[in-house]
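We did not get these values from a lab; they are worked out from the coordinates using the rules stated. Note that the coordinates shown come from a computational prediction; the quantities given were computed from them, not determined experimentally. When we count neighbours, we look across all protein chains shown, and the Cβ atoms used for this are built from the backbone with ideal geometry, even at glycine.
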Amino acid sequence: MQKILVWFRRDLRLNDNPALHAAKQAQLIPVYIHAPDQDAPWQAGGASNWWLHHSLHALASQLKAAGSRLIIRRGDAREVLHQLIEETGAEAVFVSRLYDPASIARDTNIKTTLTQQGITYRSFAGALLFEPWQILTKTNSPYKVFTPFWQTCQKSGLPSDVTPGIRSLPAVSTRISSQRLEDLHLLPTLPWDTQFYDHWQPGEAGAQSRLRRFIKEHLSEYEDARDFPAQGATSALSPHLHFGEISPRQVVYAIEHALNTSTAPGVRKQAQGFLRELVWREFTHHILYHFPHTTHKPLNPRFENFPWQTRRNKVLRQWQQGQTGFPIIDAGMRELWATGSMHNRVRMIVASLLTKNLGMHWLLGAKWFWDTLVDADLAQNSFNWQWVAGCGADAAPYFRIFNPVTQSEKFDADGIYIRRWVPELSRLPNKYLHAPWLAPAEELHSAGVVIGKNYPAPMCDLKHTREEALLAYKQHTRAAD
Ligand SMILES: Cc1cc2nc3c(=O)[nH]c(=O)nc-3n(C[C@H](O)[C@H](O)[C@H](O)COP(=O)(O)OP(=O)(O)OC[C@H]3O[C@@H](n4cnc5c(N)ncnc54)[C@H](O)[C@@H]3O)c2cc1C
């Protein structure tokens, strides 16, 4: 029987995993190789490593239940594969394709050397709905604007064909050694992750249960509720999608199934809004594939030398620690630190404050998110930071500057989200909660708030910094034209 190494990367699931499915008739050996240096400079951050640890644990348990065993090794991926091929006599390596620049470079190199040695290397599509070379404009170039991209995806039909799951697998010889998951040292040494356990269940079972719960409880209100951070009406599938514990095809399949059976009024419109977000994910991955420099440079070359600041460490720290004096911003940054996630609307508001009012480089924000988000994803993170900063694909125009006070009044009018994460303001009436520095002294006093003492004064003047940002933009674009 043919021996095949199935090299798991960001496809940590047994269901709808085409690489695993294609190898299932063979004597397959599931492998995970830990090689963080090969992702440099974007090796996984602390929150992602937390997730990875638990996700690998879940995968190993599933493989064990199916009769197999996950072989964990660390080291240069090419060398480890060679070693495993020698040890096992494997004739082929099967993988799910990845599309970020470092993975493409590594995989191309591995494919070339394995092929030269007569080892079969096969890659399968499993992470996206469409391959990045499938969705192109009429002139065969990549889309840079979302709406026509979305329309083309819709015309093609969002794929929902899923490959069957795997229930049983051949045993892996005990002669093949594996490192212990603990030896990868993925968990933090200081216990900053305690709340993560209340929010997340990494692994395929956790992904499926999130999807089921979302469809049951929130799909029928998604489009109307998704912008309100206190409502928890979004799917929370992003880390599961990032680690490939669920495929986007499985998500589309489940939504279509729900639509075929649901009688809830207007559910189709709500579901359409959700699928549109899933296609935003797709768009960001296609953009990164076609424009790999966008991990560190703006897609829009006019912004190449934009004078964003890179050195104001104190300002950056205040923002990171949720001590800006703007309640909605501080709530978001503290939610991020505590849970490894932040609501999308609030991500946009905090990113706008950092890049526009505070004039800081979008990469500084992207790097902080990279280290603290459990769903940190190179395509989605780079794209969205550039979108907010105004220098990316289909970007919010530079002059669109989110006002944290009006955004807060609109999307957290009752202050539920702010009170959850900024308890020192919890006794302020809603009227003053969004801009506490404007509250009359007696209101502050009776709520126990002392601005500048137990809650910071706002770190910048919103009106003045907005004008400064607009001026910087005007001067820069005039010089660039
Ligand atoms: C500055 C900034 C940085 C971001 N960084 C990341 C990141 O590193 N990783 C990440 O997965 N998302 C990122 N996002 C996008 C978005 O905030 C998250 O995908 C979303 O909050 C995840 O929550 P959810 O799964 O409940 O989303 P839902 O609302 O349930 O959406 C379903 C899925 O669609 C995708 N999606 C939703 N919104 C977006 C979007 N704006 N762009 C791309 N895909 C989207 C996600 O995969 C999500 O799981 C970022 C957004 C901003 C503004």
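Numbers for the structure displayed
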item: Where only C-alpha atoms are counted, convex hull volume of region 301-480 per residue in Å³; result: 106 Å³
item: Cross-link table LYS216/LYS269; LYS24/LYS64; LYS144/LYS297; LYS144/LYS367; LYS314/LYS410, entries beyond 27 Å C-alpha to C-alpha; result: LYS314/LYS410
item: Cut-off 13 Å between beta-carbons: net charge of the residues surrounding ILE119, Lys and Arg +1, Asp and Glu -1; result: +2
item: Electrostatic dipole magnitude of region 301-480 [Cβ: Lys, Arg +1; Asp, Glu -1; Cα centre; debye, to 20]; result: 380 debye
item: Rg/Rh for region 293-368, where both radii come from Cα atoms and Rh is the Kirkwood radius; result: 0.98
item: Taking MET1, MET459 and counting other C-beta atoms within 10 Å, the order from fewest to most; result: MET1, MET459
item: Point-charge dipole on Cβ atoms (K/R +1, D/E -1) for the chain, about Cα centre, debye to 20; result: 380 debye
item: Tail weight of P(r) past 17 Å, computed on alpha-carbon pairs of region 1-49, percent; result: 45 percent
item: Long-range tail of P(r) for region 3-126 (Cα pairs > 22 Å, %); result: 31 percent
item: Cα lying deepest toward the dipole's positive end in the chain, options PRO440, LEU59, TRP133, charges on Cβ; result: TRP133
item: Antiparallel bridge percentage (DSSP; both residues within the chain; nearest 5); result: 0 percent
item: Cα Rg over Rh - the chain, Kirkwood; result: 0.99
item: Spin-label pair GLN154/ASP414, simplified geometry with 7 Å Cα→Cβ offset, distance in nm; result: 3.3 nm
item: Nonlocal amide H pairs with VAL6, under 5 Å, H built at 1.01 Å; result: ILE29, VAL31, PHE94
item: Exposure proxy order (Cβ contacts within 10 Å, fewest to most) of LEU114, LEU353, LEU211; result: LEU114, LEU211, LEU353
item: Region 94-179 - Kirkwood radius from inverse mean 1/r over Cα pairs (Å); result: 16.6 Å
item: Per DSSP, loop trypsin sites (Lys or Arg not before Pro) in region 383-465 with at most 16 further Cβ within 10 Å; result: ARG400, ARG427, LYS453
